[in-house]
Structures are given as structure tokens and as C-alpha cells.
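Beneath this line is the structure, given in C-alpha cells, with notes to follow.
Where a number appears in this text, it was derived from the coordinates with a stated rule and is not lab data. Nothing here was measured: the structure is a model prediction, and the numbers come from that model. Using ideal geometry, Cβ is built from the backbone for each residue, glycine included, and neighbour counts are taken over all protein chains shown.
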């Protein structure tokens, strides 16, 4: 008797992520999934991205937080189209949460979508939301041992933004060690040192985004 | 016909946590569950606790990390009895992980046990490990909006240590706002501002621990 073997069934999250990705592609929207520890500077960076990219591109933001809409309010004030997801306890965003709120955007009008994930260096890296690229921030105040302690997010990310470099004179953090261990985990990872306070690295970061958006069109 | 109703069955984690708690109590070991975001300074604080408490008390440490034994090595170097748990991806410690490693300690020889949880401001707060008190660190570099965005850990903690206060001149963070919102979530929470670099607040923190240890004996 022949037994049918069904292979490569996507799990529910991956199936929905693929649908999301299709919608982004159909509308020429480049999408990033922005991840970090709490307080590494994701929302402040988004405010800067509003200033740096807002004249040339239309940017949408999906804010993920356990509770409150503080971040969506900040980002909306910076002129970006923002929708808040309150995860009600969940420590990450998944593809279904993203799909549920895409109806709040006119995707045909957007060039870039940023999914700002829940502040958490662990679980968000495990879930595909349909994005084109995962991007992570690591603040220099968190210390240079983080790539070895939280390797998955470094492996999954296309870009590592080493943030708050303006604080380097006041903390014990070896940026070269971060770069070396991150590259050891993920040789292809692009690394940019940034400071949203001084503006360091923002031009390079906005340049990388511009390249991706233009390619997506 | 009479239907038997069985009430208050503990879930598996709570049952094992209760067993852990019993073992701590039988051995007069005061136990804290130390939680924070990645890089808020838990391990550096433990090194300082080794210096500040090591002459008077015997301290054990259970280190929880996704991967690596970096923290256990640091803490052991500081003279504390340390055991590392690698959670293999899990983003928090639970009661069963703690129970599995208690055999590595001679509990009768200890006064204080510190469970250093995985760096994560979300999930660790949901799991009782059998500790007497949950204690959280919040670094001033993480920003003053964190109590509203991650309320559960603030609600569950007996003590909030506001860490890295030496960086206050260089960051935008309103410590009074943190205190006010934390007290709003948890009116009983004890708050101490600390810096492991300058030593600020460490005497008060060690004093609080000494009081609890002495009471447990």
C-alpha cells in the first residue's frame, strides 16, 4: 500500500507571513521588522527616520507593545502613519497580528513599512511577520557580551544598528568586540553605528533603506 | 447525584515552585528572583553584592541565559557559588529549571540565593520559581516610559532597583516619573536608585537584603 507523504507544510505563522509578504510586494512596500531590548532606541530612531526620509518616502509604522499606545503617539507626531497593536501580554509580534492591522493602511500609498516589535531580545526573532528584512538595534549601554548570549536575533537580522554611541565615553563597551562576535554568528550582517542624539550613522542607515525601497519599486 | 468539585489545583509550575520554596525555607535560605532587560546590570550588581555581602553571608547564584556561561564565570570569579542554566532558547526561567539545579548547591550552607533570570522585561515576570521576592532592575538608559509599557514586572516585584544612575547626566530620563508610575502600578514597591560604578544606593540595597536574610533565619 502506498503511503502519501505530504511535505513542507508551512506552520500557521509562516503561511500568514507569506500572505503578508505578498501584499507588501504587490504594493511595492519595503518592510522591515525592527527588534531590540526595551529602551534601545527604536522609537527615537523612527522619529529621526521621519525627518530623514519623510520628504521622499511615505512611511507606515506598526507599533507593537504589551500595553499603552505611547509609541504610536510619538511616531504619529513625527508625521508617520502609525497603528498600535497592544499584544495583551504577548512578548512578540506574529504574522497574524500584522495581518489583522494591515487594513488600517492604504498600502498602495506607502513606500516603507516599519514593524516596531515588542522590546525583547529573545522571542521576536523566532517569528516571521512577512517582512523583507529583520533589523536589530543593540545599545552600547547593554554591553558587548550580548551577541554570545542572544545569538538568534543576530543570526536572523540583515542589519545590526549599534545604537547610543554618544554614551560610549561613559560605559564599558567594546564596539569592535560586538562587531566581531556578531560577524562570527552572521558573516553577512551589515553593521552601522548610530546615535539618534548626535546623528552619527543616520545618513548611512537612511541610504541603505533608500536603496532597498528603490529596488522594491 | 453529588458532583465533586476540585478547587485550587495548582498548575505544574506553581506546584514545583511551592516545593522549591519549601526547600529554601527548610534551609533558611532567602531567595530572590532578579529580573530586567538585557544589559541593565544584573551581573555587575551581583559582583558588587559579592564584595558587599560576601564577608557576612554565603551567597548562591543560579544564572539563566539562553546560551553561554559567561555570567556564571563572572559571578564565580567574584567569589559566589554559581550554577549556569542554559535555557536553549527559552526566554525565562521556570520552577522546574530551578528545581533541576538545586542539587548542585549545599543549601544548608547558604544564606542567600539569587536567581538571575534571562534578560527579558516580559516573560520572566509570569513564572514563580519559588523565590521569596521578585526584584527588578530598570536602567535609566531604557527610558522613563517602561512602567506603562511593561506593567506586569513592576506589579510583581517587591523591589525596583533603578540602575546606572551615573548615566543620568547623559540621557533623557525622568527618574521621578519612573517612581510615580511604578508606585501607581504597585503602591508597596520599594524603590532604590543604584549605580554599580559609583556605589550609589548599594548600602541601602545590601541593608534590605541583610534584613530579609536575618528574618529568614
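Below are the figures for this structure:
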| item | result |
| --- | --- |
| Shape metrics for the protein assembly as shown, restricted to C-alpha atoms - Rg then Dmax, Å | 22.8, 76 |
| GNM result for chain A, Cα springs below 10 Å: residue of A:188, A:86, A:131 fluctuating most strongly | A:188 |
| Euclidean distance between Cα centres, the stretch B:139-164 to the stretch B:10-26, Å | 26 |
| Calculated label separations, residue A:108, copies of the chain, 7 Å along the beta-carbon direction, nm | 7.8 |
| Where the Cα pairs of the stretch B:108-178 fall when distances are cut into 10 Å bins, in % | 17, 47, 26, 8, 1 |
| For residue B:4, inter-copy label distances in nm, listed shortest first [label point 7 Å out on the Cα-Cβ vector] | 4.6 |
| Cβ-vector label at 7 Å, residue A:86, separations to other copies in nm | 4.0 |
| Rg(Cα) / (2.2 N^0.38 Å) computed for the stretch A:141-187, rounded to two decimals | 1.11 |
| Residue with peak Gaussian network fluctuation, chain B [Cα springs, cutoff 10 Å], from B:33, B:96, B:56 | B:56 |
| Cα-Cα P(r), chain A, percent of pairs per 10 Å interval | 8, 34, 37, 16, 4, 1, 0, 0 |
| Relative contact order %, chain B, counting alpha carbon pairs below 8 Å whose residues are six or more apart | 25 |
| Spacing of the two label points (7 Å from each Cα toward its C-beta) at residue B:26 and residue A:77, in nm | 5.6 |
